[in-house]
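Worksheet: one structure, shown below.
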Amino acid sequence: MNFYILDSGKGYFKCKEFLQTEDLNESLLLHNDPYTAINITLAKKLTQMLGGTISAECNGLTGTGNLPFHSC
């Protein structure tokens with residue numbers, strides 16, 4: 001089962017950074033967006049707890065992506 005969110009904004013690089021970071025403080029210094037950081041981190045942790053994976057993918061010309069959830 002796959003779930004995803006498709007957004008029309010321009011936060012792809014920021015979301016990808018927050019998903020892949022090992023040091024959230026360092027990423028916050030780079031992007032200065034605590035709300036997105038917290039939301040992405042919580043989504044990532046909840047998805048992992050459910051045995052799934054989460055990623056950010058580019059959505060072409062609009063510059064945003066989706067965060068698909070792949071469950072086992």
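Provide the net charge surrounding L30, with neighbours chosen by a C-beta distance below 11 Å and charges set as Lys +1, Arg +1, Asp -1, Glu -1.
Value of the local net charge: -3.
Could you run the Karplus curve 6.51 cos²θ - 1.76 cosθ + 1.60 with θ = phi - 60° over the range 29-40 and give me ³J(HN,Hα) per residue in whole Hz, x for Gly and Pro?
Result, rounded to whole Hz: 5, 6, 10, 6, 9, x, 5, 5, 4, 5, 4, 5.
Read-outs: derived from the displayed coordinates by stated rules, not from any lab. The model shown is predicted, which means the values in this text are computed figures rather than measured ones. Virtual Cβ from ideal backbone geometry, glycine too; neighbours counted across all protein chains shown.
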